[in-house]
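Worksheet: the structure to be examined is printed underneath.
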Amino acid sequence: MNPLARKLLAEFLGTAALLATVVGSGIMGVRLSAGNDAVALLANAAATATALYALIAVLGPISGAHFNPLATAAMRLQGRIGTREALAYVAVQFVAAIAGVLLAHAMFELPLWQPGTQPRSGAAQWLSEAVASAGLVLTILLGLRHRPAAVPALVAAYVFAGYWFTASTCFANPAVTMARALTQTFAGIRPQDVAGFVAAQCVGLGVGLALARALLPAQSATDAVVQADTRLDDPAASRSR
């Protein structure tokens, strides 16, 4: 398998597994929480964060473990990957996200196709998504600069917290947002609300990149990404995690 194909396979598996976890843990949380939304959200957040840690740790050395068009766009805008590779990553992420939702439905014996019905719209939701996305991008870029080996834990910790401190529960991912419009379960979103979320996420991407540039004056964000990816591609470094 050629290097790009290997990377795309890793992105597909990671993104699909992430969505299966987000949706599946939401279903299980609701079933076991006896109507307590706080318990369901805690289960959903914990499962998502721990899955992210594992997926980034094991697939990061192969593809960089983006699993998110925002992360891929950040890497492209920082000059770490080319346009062709970035577009391929994003296409795979969207397809894999849908596959992950369908897999979760199948595992819980639910209808595979079910457009979302959960309303998630309004200024507070959009602000939450901008904040969540900016924070995620900043966590990734600063983590790659200062603590590259800790990036899996940093991203997992940020997402877990984001479930609780944002009104939108921290989607912070256009592929995740679009795929979650295909489920009526706990993790769902109405299809008509997707555009507002994605627009806010793109604003957050810009804010996160600007903050990274301001906070890393002595070394460019590009250098930080290159150094971190070198570390991720080093078998000895990956074993050290």
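The values are calculated or read from the model by the stated rules, or taken from the named source; none is laboratory data. Keep in mind the model is a prediction, meaning the values are calculated, not measured. We place every Cβ from the backbone using ideal geometry, glycine too, and count neighbours over all the protein chains shown. What goes into the accessible areas is simple: the full protein's heavy atoms, side chains included, and nothing from ligands, DNA or RNA. Shrake-Rupley method; radii C 1.70, N 1.55, O 1.52, S 1.80 Å.
Checked against (1) among the aliphatic types (A, V, I, L, M); (2) over 24 Å from A96 (Cβ atoms); (3) out of contact with any helix residue (DSSP H, G or I) (no Cβ under 6 Å at 6 or more places or on another chain), A195 passes all but condition (2). Put simply, of R84, R76 the only residue that is of a type in the set (D, E, K, R) and under 24 Å from L138 (Cβ atoms) is R76.
From the list A153, A167, which one is part of a loop (DSSP other than H, G, I, E, B), more than 30 Å from A106 (Cβ to Cβ) and either open to solvent by 10 Å² or more (accessible area, probe 1.4 Å) or out of contact with any Lys or Arg (no Cβ under 6 Å at 6 or more places or on another chain) (or both)? First the steps, then the outcome.
Working: A153 fails: part of a loop (DSSP other than H, G, I, E, B).
Result of the check over A153, A167: A167.
Return the only residue of L110, L136 being more than 23 Å from Q184 (Cβ to Cβ), among the aliphatic types (A, V, I, L, M) and in contact with a helix residue (DSSP H, G or I) (Cβ under 9 Å, 6 or more places away or on another chain). Selected residue: L136, the only one of L110, L136 that is more than 23 Å from Q184 (Cβ to Cβ), among the aliphatic types (A, V, I, L, M) and in contact with a helix residue (DSSP H, G or I) (Cβ under 9 Å, 6 or more places away or on another chain). Do the conditions hold for L209, that is, is it within 18 Å of T139 (Cα to Cα) and modelled with pLDDT under 95? No.
Scoring V225 on the criteria (1) assigned to a helix (DSSP H, G or I); (2) buried (at least 21 other Cβ atoms within 10 Å of the Cβ); (3) of a type in the set (V, I, T); (4) at pLDDT 95 or above leaves a single failure, condition (4).
Among the conditions (1) in a loop (DSSP other than H, G, I, E, B); (2) under 18 Å from the mean Cα position of the chain (by Cα), A86 misses just one, which is (1).
Are any of the residues in segment 64-85 within 20 Å of S25 (Cβ to Cβ) and among the acidic types (D, E)? No; the residues of segment 64-85 include none that is within 20 Å of S25 (Cβ to Cβ) and among the acidic types (D, E). Out of A175, A200, A179, one residue alone is assigned to a helix (DSSP H, G or I), crowded, with 18+ Cβ neighbours inside 10 Å, in contact with an Asp or Glu (Cβ under 7 Å, 6 or more places away or on another chain) and touching a residue at least 24 places away in the same chain (Cβ under 8 Å). It is A200. Taken over segment 24-42, the criterion of being among the hydrophobic types (A, V, I, L, M, F, W, C), part of a helix (DSSP H, G or I) and open to solvent by 40 Å² or more (accessible area, probe 1.4 Å) is satisfied by M28, V30, L32, A38, V39, L42. Please work out which residue is farthest from A212 (Cα to Cα), limiting yourself to segment 91-119 and to residues that are within 18 Å of the chain's Cα centre (by Cα) and buried (at least 21 other Cβ atoms within 10 Å of the Cβ). Only one residue tops the list, namely A104.
State all residues of segment 1-23 that are open to solvent by less than 30 Å² (accessible area, probe 1.4 Å) and either in contact with a Ser or Thr (Cβ under 9 Å, 6 or more places away or on another chain) or of a type in the set (A, V, I, L, M, F, W, C) (or both); if no residue qualifies, say none.
Kept after step one, since they are open to solvent by less than 30 Å² (accessible area, probe 1.4 Å), are these residues of segment 1-23: 10-11, 14-16, 18-20, 22-23.
Passing the criteria: A10, E11, G14, A16, L18, L19, A20, V22, V23.
Taking into account only those residues within segment 71-87 that are more than 13 Å from T15 (Cα to Cα) and touching a residue at least 60 places away in the same chain (Cβ under 8 Å), which is most open to solvent (accessible area, probe 1.4 Å)? Here the residue is L77.
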